[in-house]
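Notes for the one structure printed next.
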Amino acid sequence: MAHYYDSMPETASDRRNIEFRANGINFSFVTDTNVFSRNDVDKGTELLLTSVIDDIKESGAKKGTRLLDLGCGYGVVGVGMKSVFMAFDVTSVDVNSRAVNLAKENAAANNVKLAKCLQSDVLSALEADDIFDIVMTNPPVRAGKQTVFSFYEQAYEHMSKGAAIYSVLQRKQGAPSSEKKLKELFGNCETVAISGGYRVMKAVKESD
């Protein structure tokens, strides 16, 4: 059975266009078979994007902030964040080759330039000196808890001191276990948004 977290999708392509609006900006995305939430932008992804935009605006955006869209799918978070915070340095990664190609295409179509957009099994394709100030992820819960936890563990190794990771999950899909894991890794975790059964959690790396 084909999954959106397959590295090399073999299902026949069936591209479509979807429209999306966030932070007063209209976006157009091309999606395809074997990518996550191909028919519309997932509600969790939308909540992640809007709540992190609000959180950053409240604390003050800094030029040159390095942001990682971990498990980028067809590019909603990376493209959205770069559109709002144009001075950010945005990297997008996903295990799915089809998703990565769509993310590149969608960045160009929405007039943003990503620093990197890579196919990567979690963060294996990144260099040791690829370090980020913000990590955002809507992790692939259907791939299993250990895969989700590997997102957090590998992200931790690529985060600067004071960097924040934001993760969105539904309670029924493991938000409590993710909260526990983030607290174990980072020593802290807070909920920054709840809507429609989804929860956006934030953890801050307090030491190198």
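The values are calculated or read from the model by the stated rules, or taken from the named source; none is laboratory data. It should be emphasised that the depicted structure is a prediction, and the values quoted were computed from it without experimental measurement. Note that we place each Cβ from the backbone using ideal geometry, even for glycine, and neighbour counts take in every protein chain shown. Areas reflect the complete protein model, heavy atoms only, side chains present, ligands, DNA and RNA absent. Shrake-Rupley method; radii C 1.70, N 1.55, O 1.52, S 1.80 Å.
Take every DSSP beta bridge whose two residues both sit in the stretch 84-208; close to 55 percent of them are antiparallel. Above 27 angstrom, tally the Cα pairs of the chain and express them as a % of all pairs, no decimals. Across the chain, Cα pairs with separations above 27 Å total 22 percent.
Dimensions of the stretch 109-208 from C-alpha coordinates, computed as largest minus smallest value along each principal axis and given longest first, are 36, 34, 24 Å. This model, with +1 at the C-beta of Lys and Arg and -1 at the C-beta of Asp and Glu, gives the stretch 71-208 a dipole about its Cα centre of some 660 debye.
Summed over the residues of the stretch 27-100 and divided among them, the accessible surface reaches 34 Å² per residue at a probe radius of 1.4 Å. Scalar couplings 3J(HN,Hα) for the stretch 181-189, obtained by applying the Karplus form with A = 6.51, B = -1.76, C = 1.60 to θ = phi - 60°, are 5, 5, 5, 5, 6, 9, x, 7, 6 Hz; x denotes Gly and Pro. Summed over all non-identical Cα pairs, the Kirkwood treatment of the stretch 61-174 gives a radius of 14.0 Å.
Near Ala22, the amide H atoms lying under 5 Å from its own belong to Phe27; only residues 5 or more places off or on other chains count, and H is placed 1.01 Å from N. Considering all different alpha carbon pairs of the stretch 144-191, the Kirkwood hydrodynamic radius works out to 11.1 Å. Using alpha carbons only, the radius of gyration of the stretch 4-123 set against its Kirkwood radius gives Rg/Rh = 0.95. Tell me what the chain gives for mean residue ellipticity at 222 nm when only DSSP H runs of n ≥ 4 count, each as -39,500 (n - 2.57), the sum divided by the residue total, rounded to 500 deg cm²/dmol. One gets -9500 deg cm²/dmol as the mean residue ellipticity at 222 nm. Across the protein chains, with a 1.4 Å probe defining accessible surface, the residues Ser195, Ser28, Ser51 rank Ser195, Ser28, Ser51 from largest area downward. Expressed to the nearest 5 percent, the antiparallel share of DSSP beta bridges inside the stretch 1-147 is 35 percent.
Listed by chain and number, the lysines placed with their C-alpha closer than 23 angstrom to that of Lys145 are Lys43, Lys172, Lys180, Lys181, Lys183, Lys202, Lys205; residues fewer than eight positions away on the same chain are left out. Here the accessible area is traced with a 1.4 Å probe on the protein chains. For the chain, carbon and sulfur cover 46 percent of it. As a rough guide to protection, the peptides 122-131, 82-91, 137-146 ranked by mean Cβ packing within 10 Å, highest first, stand as 82-91, 137-146, 122-131.
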